[in-house]
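Q: Here it is, the structure in full.
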Amino acid sequence: MILLDRVTKVYGKSPTPALDRISLHVEPKEFVIVVGQSGAGKSTLLKLLTREERQTSGKIIIGGIDYDKLKDKNIPLLRRKIGVVFQDFKLLPNRTVFENVAFALEIVGMSNHEIKHTVPKVLDIVNLKGKENSMPRELSGGERQRVAIARAIVRQPKILIADEPTGNLDPKHAWDVIAVLEKINRFGTTVLLTTHNQEIVNKLKRRVVTIQHGKIASDRAHASYKL
């Protein structure tokens, strides 16, 4: 599903690579947590996966797509296979919960009939049934993050990247979001979660990939993590 082979990324003329010959293999339907201090290279890794940035060297293959052969015109198609959730929600403030999620389908040309059929199902998955007509400002932080997750998965991506999705949330809402990510993973979506939250990593007991100074320092199943 995700294959990186000796991938290096150097920004501009920097003497130090942001990522230095990292190799990583993630199986379909896996749930992998990526940890590391700020500046370790986590964000660069995610930008390479979503093709916001190109690798300087090495091989990236996602869902059978070889990034070396990926034409610019096909990048939107790639991004439909990868859902992304950020720390800061990025919701449209003047649209309802339903409209925020529907927007992801409108931009790919889905019909109104299909949208009306699909959006309620996805809101049910993220435990937001009954909140369809609420505005983002009326929701808690955890609910807003779950709207963002719904928007990211409504096109049924094969991979969901959650970049510090609990960073701005209190513990209860953080665990609500994690529970939703686990549910989505059980449905068959590959989940890549980056977090600084030691408690989340240790309780989840999933595979943990630790990045330090642009290299993979460890890659362990059912691992705990100490900052």
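The values are calculated or read from the model by the stated rules, or taken from the named source; none is laboratory data. Keep in mind that this is a model prediction, so the values were computed, not measured. Because the Cβ atoms are built from the backbone with ideal geometry, glycine has one as well, and the counts that use them run over all protein chains shown.
Q: Taking region 169-180 on its own, how many of its residues are outside any helix (DSSP H, G or I) and either small (Gly, Ala, Ser) or over 24 Å from Ala40 (Cβ atoms) (or both)?
A: Quick first cut of region 169-180, residues outside any helix (DSSP H, G or I) only: 169-170.
After this cut, where a residue has to be either small (Gly, Ala, Ser) or over 24 Å from Ala40 (Cβ atoms) (or both) as well, the list is 170.
So the answer is 1.
Q: Here is a follow-up. Among residues belonging to region 183-196 that are surrounded by 15 or more Cβ atoms within 10 Å (Cβ to Cβ) and over 18 Å from Ile2 (Cα atoms), point out the one that is modelled with the highest pLDDT.
A: Ranking the qualifying residues of region 183-196, first place goes to Thr195.
Q: Quick one: in region 107-132, which of the residues that are under 16 Å from Gly83 (Cβ atoms) and without any contact (Cβ under 8 Å) to a residue 24 or more places away in the chain is surrounded by the most Cβ atoms within 10 Å (Cβ to Cβ)?
A: In this case the residue turns out to be Met110.
Q: Quick check on Ile161: is it assigned to a helix (DSSP H, G or I), among the hydrophobic types (A, V, I, L, M, F, W, C) and within 12 Å of the chain's Cα centre (by Cα)?
A: Values: assigned to a helix (DSSP H, G or I): no; among the hydrophobic types (A, V, I, L, M, F, W, C): yes; within 12 Å of the chain's Cα centre (by Cα): yes.
In short, no.
Q: Looking for something surrounded by 13 or more Cβ atoms within 10 Å (Cβ to Cβ), under 25 Å from Gly141 (Cβ atoms) and in contact with a Pro (Cβ under 8 Å, 6 or more places away or on another chain) - is there at least one such residue anywhere in region 71-82? Lay out the reasoning, then the answer.
A: Within region 71-82, the first condition is being surrounded by 13 or more Cβ atoms within 10 Å (Cβ to Cβ), and the residues that meet it are 75, 78-82.
Filter once more, so that each one left must be under 25 Å from Gly141 (Cβ atoms): 82.
From what is left, the residues that are in contact with a Pro (Cβ under 8 Å, 6 or more places away or on another chain) are 82.
Yes: one or more hits.
Q: Checking His25 against (1) of a type outside the set (Asp, Glu); (2) under 22 Å from Leu78 (Cβ atoms); (3) part of a loop (DSSP other than H, G, I, E, B), only one condition comes out false. Which one?
A: Unmet for His25, out of (1) of a type outside the set (Asp, Glu); (2) under 22 Å from Leu78 (Cβ atoms); (3) part of a loop (DSSP other than H, G, I, E, B): (3).
Q: Please go through region 197-227 and give me each residue that is hydrophobic (A, V, I, L, M, F, W, C) and modelled with pLDDT of 90 or more, ordered by number.
A: Result: Ile200, Val201, Leu204, Val208, Val209, Ile211, Ile216, Ala217.
Q: Right, here's the next one. Kindly provide the set of residues from region 10-36 that are surrounded by fewer than 16 Cβ atoms within 10 Å (Cβ to Cβ), small (Gly, Ala, Ser) and in contact (Cβ under 8 Å) with a residue 24 or more places away in the chain, ordered by number. Before the answer, list the steps.
A: In the first step, residues of region 10-36 are kept if they are surrounded by fewer than 16 Cβ atoms within 10 Å (Cβ to Cβ); the result is 11-16, 21, 23, 25, 27-29.
Okay, now just the ones that are also small (Gly, Ala, Ser), so 12, 14, 23.
Once the filter is applied, which keeps residues that are surrounded by fewer than 16 Cβ atoms within 10 Å (Cβ to Cβ), small (Gly, Ala, Ser) and in contact (Cβ under 8 Å) with a residue 24 or more places away in the chain, region 10-36 yields only Ser23.
Q: Here's something else I'd like to know. Of the residues that make up region 64-78, is at least one in contact with an Asp or Glu (Cβ under 6 Å, 6 or more places away or on another chain), assigned to a helix (DSSP H, G or I) and of a type in the set (A, V, I, L, M)?
A: Narrowing region 64-78 to residues in contact with an Asp or Glu (Cβ under 6 Å, 6 or more places away or on another chain): none.
No, region 64-78 contains no residue that is in contact with an Asp or Glu (Cβ under 6 Å, 6 or more places away or on another chain), assigned to a helix (DSSP H, G or I) and of a type in the set (A, V, I, L, M).
Q: Give the residue, chosen from Arg186, Arg207, Arg151, that is more than 30 Å from Val10 (Cβ to Cβ) and either touching a residue at least 24 places away in the same chain (Cβ under 8 Å) or small (Gly, Ala, Ser) (or both).
A: Numbers: Arg186 fails: either touching a residue at least 24 places away in the same chain (Cβ under 8 Å) or small (Gly, Ala, Ser) (or both); Arg207 fails: more than 30 Å from Val10 (Cβ to Cβ).
Result: Arg151 is the single residue among Arg186, Arg207, Arg151 that is more than 30 Å from Val10 (Cβ to Cβ) and either touching a residue at least 24 places away in the same chain (Cβ under 8 Å) or small (Gly, Ala, Ser) (or both).
Q: With respect to the numbered conditions (1) surrounded by fewer than 21 Cβ atoms within 10 Å (Cβ to Cβ); (2) among the small types (Gly, Ala, Ser); (3) more than 17 Å from Val208 (Cα to Cα), which one is the sole condition not fulfilled by Ser43?
A: Evaluating Ser43 over (1) surrounded by fewer than 21 Cβ atoms within 10 Å (Cβ to Cβ); (2) among the small types (Gly, Ala, Ser); (3) more than 17 Å from Val208 (Cα to Cα) leaves (3) as the failure.
Q: Shifting gears a bit: In region 49-99, how many residues are under 16 Å from the mean Cα position of the chain (by Cα), over 16 Å from Arg155 (Cα atoms) and at pLDDT below 90?
A: Residues that pass the stated criteria total 5.
Here is a yes/no grid of residues against (1) within 21 Å of Ile33 (Cα to Cα); (2) part of a helix (DSSP H, G or I); (3) in contact with a strand residue (DSSP E or B) (Cβ under 9 Å, 6 or more places away or on another chain):
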{"site": "Leu128", "(1), (2), (3)": "no, no, no"}
{"site": "Gly142", "(1), (2), (3)": "yes, yes, no"}
{"site": "Val147", "(1), (2), (3)": "no, yes, no"}
{"site": "Ala150", "(1), (2), (3)": "yes, yes, no"}
{"site": "Gly167", "(1), (2), (3)": "yes, no, no"}
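Q: Another one. Give the number of residues within region 181-223 that are part of a loop (DSSP other than H, G, I, E, B), closer than 17 Å to Glu27 by Cα, more than 19 Å from the chain's Cα centre (by Cα) and not hydrophobic (A, V, I, L, M, F, W, C).
A: Of the residues in region 181-223, 1 are part of a loop (DSSP other than H, G, I, E, B), closer than 17 Å to Glu27 by Cα, more than 19 Å from the chain's Cα centre (by Cα) and not hydrophobic (A, V, I, L, M, F, W, C).
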